[in-house]
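Below is one structure; the comments refer to it alone.
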Amino acid sequence: MRNHRFSLAIILMVTGFIVVFSYQYFKKAESPKSEEANELWTQEHQLRTQLIKEQETNQSLEKKLENRREQVQSNEQTLANQKKEAHDIQKSLNNYRMLNGLTKVHGPGIRVSLEDAQYVPEEDDPNNYIVHQQDIQEVIYELYAAGAEGVSLNGQRLSIHSYIECVGPVVKIDGQKHTVPFIVEAIGDPHLLLSSLNMSGGTVDLLMNRGIKVSTEKKSDITLKPLI
Amino acid sequence: MLSITLVTAFLGFMVALQFGVTKEDKPRDTRDIYQLQDDLTKAEKKHVQLNEQLSESNRLLEGYESDDTKSQLQTMKEALDKQKELAGETVKAGTGVLVTVQALAQGYSEAGEGLNADLIRRLINELNTLGATDIAIADERLTNRSPIRMVHEIVYVNDHPLPDLPFPIRVLTPHPSDLKKRLEVSESMEDFAREGLTMMVKVEDRLKLPANGESEKVEYMKPVKGD
């Protein structure tokens with residue numbers, strides 16, 4: 001019986017300890033934390049609402065801009081039909097707009113797809129087997145050298161100000177995130193673009209040597225979205 | 001016996017509770033908020049760009065509404081000049097930084113053998129993230145489709161070989177001192193040093209960039225209409 005009492009005493013002591021500890025823990029953890037969590041939640045909610053509103057505004061502005069640009073072009077067309085001088089200016093104006101990425105364009109070209117290597121030898125650094133910013137740039141610059149008139153990466157038109165950042169397996173183009181496969185599409189002479197990439201010792205060979213899966217394909221019609 | 005049963009049951013309950021409390025206390029996930037803030041900043045930037053483009057279009061429309069053909073033609077010419085400027089086909093001046101590429105020290109890569117296309121491409125990439133608006137490498141003004149590549153161990157920009165060291169890279173930006181500070185601690189600076197090269201960066205109040213002589217010839221692209 002004495003033994004029994006002793007163990008009961010110990011159990012009660014432990015219980016008391018846990019009760020107090022729990023109480024303190026709850027008191028400490030719950031009250032300020034829930035307030036903080038609440039605050040975070042409100043902040044997140046506000047941000048989300050703001051973002052949605054901003055995106056909606058942008059969408060309607062995009063529509064409006066498209067509309068205005070059509071009006072501008074139809075005005076220019078009318079003028080070009082009236083005057084020879086205007087005709088020449090219009091032609092070069094529209095060419096520049098296409099080159100500068102201000103109009104949606106289409107035309108023949110090629111499509112290049114870059115993927116990470118599937119087989120990575122165990123002892124090697126997997127970093128050596130994923131597509132990096134340099135690999136993408138290698139393709140893009142080779143295409144420019146072969147006379148590409150417009151280039152997009154994963155559907156995003158590239159411009160003079162474009163920047164590509166490599167964050168692990170994610171590649172950011174002008175701040176927008178993309179993952180493998182990376183699809184480069186270019187408008188230009190399909191034959192010339194393709195043969196300059198596939199030249200022996202050229203870009204495709206170089207990338208394949210780095211273990212990247214490259215596939216190229218001629219396309220009769222490629223569409224590039226405008227920058228804005 | 002009953003009291004012991006009760007006490008142990010209570011004990012078990014408390015332990016379970018304790019476990020629950022402890023488990024809940026994992027680090028808070030604030031990633032969502034950063035992500036949202038990031039997206040919002042991007043959307044706001046786009047908003048500004050859209051507004052700029054809209055007011056540009058409106059300005060043109062106003063010009064075209066005039067009854068005088070001559071002033072309509074003038075508006076069109078101005079629009080063309082603006083596009084040429086955007087394409088890098090006009091001489092452009094403004095605030096910026098003058099970057100001089102040279103050997104790190106005597107005896108290092110003096111002939112510029114460390115220079116390669118990748119180094120230049122990465123530098124341009126980095127300059128763009130730092131807010132460069134226009135760039136000329138040596139005398140080659142960059143455009144939307146400027147090739148930069150190696151031909152027989154020499155870097156070619158716009159199909160012209162780069163000159164011997166030292167050569168200048170002129171960069172226009174509205175915030176030259178920011179760009180200078182950030183370029184001096186950039187990854188490119190380290191990459192250059194690894195090749196025995198360095199960049200001297202100088203803020204300039206007025207920097208003049210040459211025009212790109214490329215023609216605006218377009219053979220394969222056509223505008224997508226009515227969509």
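The values are calculated or read from the model by the stated rules, or taken from the named source; none is laboratory data. Remember, predicted model here, so these are calculated numbers, not experimental data. Heads up, the Cβs are rebuilt from the backbone with ideal geometry, glycines too, and the neighbour counts pull from every protein chain shown. When the accessible area is computed, the model is the full protein with side chains, heavy atoms only, and any ligands, DNA or RNA have been set aside. Shrake-Rupley method; radii C 1.70, N 1.55, O 1.52, S 1.80 Å.
Proximity of backbone amide H atoms, modeled 1.01 Å from N, is registered between residue B:155 and B:162 at under 5 Å, excluding neighbours fewer than 5 places apart on the same chain. When shorter helices are ignored and each DSSP H run of at least 4 residues is given -39500 (n - 2.57), the per-residue value for chain A at 222 nm works out to -19500 deg cm²/dmol.
Each residue of region A:76-87 is assigned a 3J(HN,Hα), and the resulting list reads 5, 4, 4, 5, 5, 5, 7, 10, 5, 4, 5, 4 Hz, derived from the Karplus form 6.51 cos²θ - 1.76 cosθ + 1.60 (θ = phi - 60°), x at Gly and Pro.
Among A:148-154, A:47-53, the peptide with the highest mean count of other Cβ atoms within 10 Å heads the list, and the full ranking is A:148-154, A:47-53.
Note on region B:113-227: Cα-only Rg and Dmax are 15.8, 54 Å.
Sequence-ordered 3J(HN,Hα) estimates for region B:73-89 from the Karplus curve with 6.51, -1.76 and 1.60 and θ = phi - 60° stand at 4, 4, 4, 5, 5, 4, 4, 5, 4, 4, 5, 5, 4, 4, 7, x, 9 Hz, glycine and proline given as x. Highest mobility in the GNM of chain B, judged by mean-square fluctuation with C-alpha springs under 10 Å and restricted to B:33, B:120, B:169, is found for B:33.
Rounded if a/c is under 1.5, else prolate if a/b is larger than b/c, else oblate: which is region A:104-224, with a ≥ b ≥ c the root eigenvalues of its Cα gyration tensor? Oblate, because a/c is 1.5 or more while a/b does not exceed b/c.
Share of carbon and sulfur in the accessible area of chain A stands at 54%, probe radius 1.4 Å. Give the shape of chain B as rounded, prolate or oblate, defined through the alpha-carbon gyration tensor: a ≥ b ≥ c are the square roots of its eigenvalues, a/c under 1.5 means rounded, and otherwise the shape is prolate if a/b is larger than b/c and oblate if not. Oblate. Summary value for region A:45-139: 11 percent relative contact order, contacts being C-alpha pairs under 8 angstrom separated by 6+ residues.
Which loop GluC sites (Glu not before Pro) in region A:68-126, with loop taken from DSSP, have no more than 15 other Cβ atoms within 10 angstrom of their Cβ? When the GluC sites (Glu not before Pro) of region A:68-126 are filtered for loop state and at most 15 Cβ neighbours within 10 Å, A:122, A:123 remain. Fully extending the segment from residue A:198 to residue A:215 would add 5.1 nm, taking 0.36 nm per residue of separation and subtracting the current Cα-Cα distance. Think of each Lys and Arg Cβ as +1 and each Asp and Glu Cβ as -1; about the Cα centre, that makes the dipole of the protein assembly as shown roughly 1380 debye. Remark: the protein assembly as shown carries 56 Å² of accessible area per residue (probe radius 1.4 Å; ligands, DNA and RNA excluded). Phi-derived couplings, Karplus 6.51 cos²θ - 1.76 cosθ + 1.60 at θ = phi - 60°, listed residue by residue for region A:181-187: x, 8, 10, 9, 10, 9, 9 Hz, with x used for Gly and Pro. Shape of chain A from its Cα gyration tensor (a ≥ b ≥ c, root eigenvalues): rounded if a/c is under 1.5, otherwise prolate when a/b > b/c, or oblate? Here chain A falls in the oblate category. Note on B:162-175: average number of Cβ atoms from other chains within 10 Å of each residue's Cβ is 0.
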